[in-house]
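Please read the structure below before turning to the comments.
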Amino acid sequence: MSPAGTLTWRLLRDLRLTELEQAGDGWQQLSHRADADRGRVDRAMTARLRETQAGESAEAALGRLRRLSRNFQYLHTECGLIRSTLDALAADLAEPQRRLKDALRDAEDLGFTVHEDGSVAYPAATADTPTPGLGADKAPGGTVRGGFPLAPDRLADLARHPFPSTNPHAARAQEIADRIAGAVTSAASIDATFAKTLDGLRAADGLDVTENTWKDVAHDTADVRTTVGHHLVAAIPVDESPAARRAWWEGLSDEQRREYLDIAPDLIGDVDGIPAAARDEANRRYLPLLIEEMEREGGQDSKLEALRMIQDKLGEPSEPPMLLLDIDDKGNGRAIVAYGDPDTSRNVSAYVPGLGTKLDAEFVTDTMQRAFDTAKGAREIDPSSASIIWLGYDAPGLGTVALTDSAEAGAPAFSEFMEGLDATNKNADPHLTAIGHSYGSLAVGTAARQSGGIPGADDIILLGSPGVGVDRAEDLGVSREHVFVGSAENDPVTHMPNIKEAAVGSAALASPVGALQASRVTDHLHFGQDPASAGFGAQRFKVDDGPRMIAELGFFDAHSQYFTPSLDQESADNIALVVGGQPERISREAYR
């Protein structure tokens, strides 16, 4: 705005903040244009080339198109950062400008004079205490400076006039001078901070966007976020319900929403109640920044590999389409991926994985595939269906799988996510299904047994469950007719002995076969009543028994095939029927 140290009260008074806002609008138009051009490259050119061409020449052309798309993405991001910085600068300067104008108005009303240096002159007046040489009731006028009381100019004035003035105008003039100085000092500090940030947004020479350029983007985003992010962070209603957050988001202007996506994608990408399309865009923007940050800090190779794999998948065509609803490296890693739009689909399922699940290559190739298969199957029942994999908690490892801690920690987050799905879905009465597999079924059960059950959930599916913490299906917040169980006979997790049996049968439990035998003493598993038992009372559907652990060297294979049509078509079909809204068509299995 001005060279360092030259900001005066006249410059601040006369500054037209609307010109900064208009400049920001110009940069935003450039950002929109770059985004639109990138979309055309990705959809009209890249996708078409993939569909119609193959070979080395096609691959070379695709590489150049990817580079062009990345260049447009860079322009889109950087222009958006400039726009947001200018808007925030105007907003931050508005307050000291208002304070200055108020002080100048007060000075004018009192007949004071404000000099170029910001000092304030006040006239002579009748004094309460006589001043020698001026008569019995006169006090002289004077000039006061504002600012820090121990500043050199103020100390020099004090040396010249060591005694307080008896003029009643003096104190008022000092207060106004202090307000003027404070406003100018505040504006100068804001000016210097934003000038540094804007200077950092200068693009490097050259037309190509390299990996180093993207590192600059990460730095620029962090810098802008530090400078202006307080405006955005403070406004997000994090302590409100997902429905309130949706209302807040919908109440923002298009430009305000764009500012969040440009500057704070990580703040928006995981907020339950924000529409899925906005969360997807935010997380697609955040993902390369997260990858760059982890590379710079020497992050875990397994997480980095998974993040890169997810980024690659986002660039590939998918039917149903893939949406990234959350991504983070905290804990064992967080990822929420939807196949199909959960806001427009009538039927939406959210699947909580279990033992050992973390953000690694197996999550991308196997766990995400389960949600994809579920979505495809459900869309054959009802095309308006979507399926989600929800890795929003730290699933336990082998050492802690017998404890409930992970489920208790993850249950509130899952409930809030489901409440968000219900809040953002555009159908009058969406059909939501909560799916828990393995230890994930305990997490779902823990959420479901809270007061009111899982928000919005109409049906619950439990797969390969070691128990869900309750003894009856109706204790899960829905009627027993809406709780469905798939439990393979050769799945060892569905035969986990309860704590008492484990203590009594420790000798038998030295082998997997002994564990299965011991667990059949009662119909209580480690975490409560066996969901596949008559006593639990759920709707048990048919699944393939799967290979036996020892006799067929299947080990835990029977525990991992419920979702996979090529391994267990009947189970996958039954899951699809429930998710797709036609549970009456499932093939039923007798209770244990």
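Please treat every number below as a calculation from the coordinates, not as lab data. Note that the structure is predicted; figures quoted are calculated from it, not measured. For neighbour counting, all protein chains shown are included, and Cβ atoms are generated from backbone atoms with ideal geometry for every residue, glycine included.
Tabulated data for the structure shown
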item	result
Residue-count net charge about residue 23 - beta-carbon cut-off 12 Å; Lys, Arg +1, Asp, Glu -1	-2
Prolate/oblate/rounded call for the stretch 356-491, Cα gyration tensor, a/c under 1.5 rounded	rounded
Pair-distance profile P(r), taking every C-alpha pair of the stretch 7-85, with 5 angstrom steps and integer %	3, 15, 17, 14, 11, 9, 9, 6, 5, 4, 3, 2, 2, 0
In Hz, Karplus ³J(HN,Hα) per residue of the stretch 338-347 (6.51, -1.76, 1.60; θ = phi - 60°; x = Gly, Pro)	10, 10, x, 7, x, 8, 9, 7, 6, 10
Cα-based Rg of the stretch 269-412 normalised by 2.2 N^0.38 Å, two decimals	1.03
Taking 314, 325 and counting other C-beta atoms within 10 Å, the order from fewest to most	314, 325
Burial ordering of 186, 571, 253, 441, fewest other beta-carbon atoms within 10 Å first	253, 186, 571, 441
Residues whose placed amide H lies under 5 Å from that of residue 337, excluding near-sequence neighbours	325, 389, 391
Linear extension gain, residue 235 paired with residue 297, 0.36 nm per residue minus alpha-carbon span	19.3 nm
Distance (nanometres) between label positions extended 7 Å along Cα→Cβ at residue 29 and residue 564	5.6 nm
Exposure proxy ranking, count of Cβ atoms within 10 Å, fewest first, for 175, 250, 292, 116	116, 250, 175, 292
In the stretch 5-66, trypsin sites (Lys or Arg not before Pro) in a DSSP loop with at most 10 other beta-carbon atoms within 10 Å	16
